[in-house]
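Everything on this sheet refers to the single structure shown next.
The values are calculated or read from the model by the stated rules, or taken from the named source; none is laboratory data. Keep in mind the model is a prediction, meaning the values are calculated, not measured. Every residue, glycine among them, receives a Cβ derived from its backbone with ideal geometry; neighbour counts consider all protein chains shown.
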Amino acid sequence: MFRNTLKNVPSLRALLYGTQKVVSQMPPKSFTSLQKSPLRRAVPVAATCHLPQPHRTMFIQTQDTPNPDSLKFLPGVAVLEKGQTMDFPTQAAALCSPLAKLLFRIEGVRSVFFGPEFVTISKQEDAEWRLIKPEVFAVIMDFFASGLPVVTDAKPTGGTQINEDDDETVQMIKELLDTRIRPTVQEDGGDIIFMGYEEGVVKLKMQGSCSSCPSSIVTLKNGVQNMLQFYIPEVVSVEQVDDLRPVDEIAEKEFEKLESKMKQKEDK
């Protein structure tokens, strides 16, 4: 419905560096999540998966993100369906994904995030990438060689699907997020999820590399908020939502049982 309306909307980077009055011509140096360096390149890493016959090789690339504690891994195969993302902020949240569960078993891994063609790993501050990266490579290669599904009993969600009961303002917000903002953020190994709109305030949740990025607030205010306000006058402000809900006790117990079984198999 609003595709034609937004047809001539400039890209987020064009808005940030153009002549629009809503954004200063010299953005703050700390604003990096939506401001990408032209020299950033994916670093290819070739690694061999040592499995029983047949012998398999996977070419994995890594890419830096604006968050020094997050790294983007590109296995060269589809992780999720196009346009979908899935966030695992805690180990207990990974019950529906065999791959995420295996990645959380690596010491130093704080959170896991899936995009259509990438996996973003966020580490604990005191952990070192030189120790974590080889293990992540091994887990990703072994997993995709096994043929197991990435997700078993849950469907990824992007949070920007337009519903019949959405009013015109909400539809416009979702359309801008989905077509102009989320693709840019996903390139940095993260995502922005629409959580609600009330009395002029847009509530968004940062995921993946963006969730713990030092410049996430600057990203919201200097990038997302300015773009939404420029095209949607009804938007007063944008707020970040921390949606870390308590984990269900039953799910937590089931996860502990699963971990116990996996440990017993390893001991054998």
### Query
Cβ-Cβ below 8 Å, separation at least six or inter-chain, first residue in region 73-84 and under 7 Å from Glu117 (Cα atoms), second crowded, with 18+ Cβ neighbours inside 10 Å and among the acidic types (Asp, Glu): which pairs?
none
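Kindly indicate which of Phe59, Phe104 is more than 22 Å from Thr152 (Cα to Cα) and at pLDDT 85 or above. Reasoning before the result, please.
Working: Phe104 fails: more than 22 Å from Thr152 (Cα to Cα).
Going through Phe59, Phe104 in turn, the sole match is Phe59.
Collect the residues in region 168-187 that are hydroxyl-bearing (Ser, Thr, Tyr) and without any contact (Cβ under 8 Å) to a residue 24 or more places away in the chain, keeping them in residue-number order. Working first, answer last.
Step one: list which residues in region 168-187 are hydroxyl-bearing (Ser, Thr, Tyr), which gives 169, 179, 184.
Result: no residue meets the conditions.
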### Query
Which helices (runs of 4 or more DSSP H) sit wholly inside region 128-237 and have at least 2 residues that are more than 20 Å from Phe113 (Cβ to Cβ), modelled with pLDDT of 80 or more and of a type in the set (Asp, Glu)?
168-176
### Task
Mind listing just one residue for me: the one in region 86-98 that is in a loop (DSSP other than H, G, I, E, B) and touching a helix residue (DSSP H, G or I) at 6+ places or on another chain (Cβ under 7 Å) and, of those, farthest from Phe137 (Cα to Cα)?
Leu95
### Query
For residues in region 63-84 being crowded, with 18+ Cβ neighbours inside 10 Å and touching a helix residue (DSSP H, G or I) at 6+ places or on another chain (Cβ under 7 Å), which is farthest from Gly147 (Cα to Cα)?
Leu71
#### Entry: Near pairs, Cβ below 8 angstrom, 6+ apart or cross-chain, from region 103-122 (more than 18 Å from Pro134 (Cβ to Cβ) and among the polar types (S, T, N, Q)) to any residue that is at pLDDT below 95 and not in a strand (DSSP E or B)
Ser111/Pro89; Ser111/Thr90; Ser111/Ser211; Ser111/Ser212
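Here are some residues: Glu135, Glu125. Which one is touching a residue at least 40 places away in the same chain (Cβ under 8 Å) and either surrounded by fewer than 18 Cβ atoms within 10 Å (Cβ to Cβ) or among the acidic types (Asp, Glu) (or both)? Please lay out each step first, then the result.
Numbers: Glu135 fails: touching a residue at least 40 places away in the same chain (Cβ under 8 Å).
From the options Glu135, Glu125, the qualifying one is Glu125.
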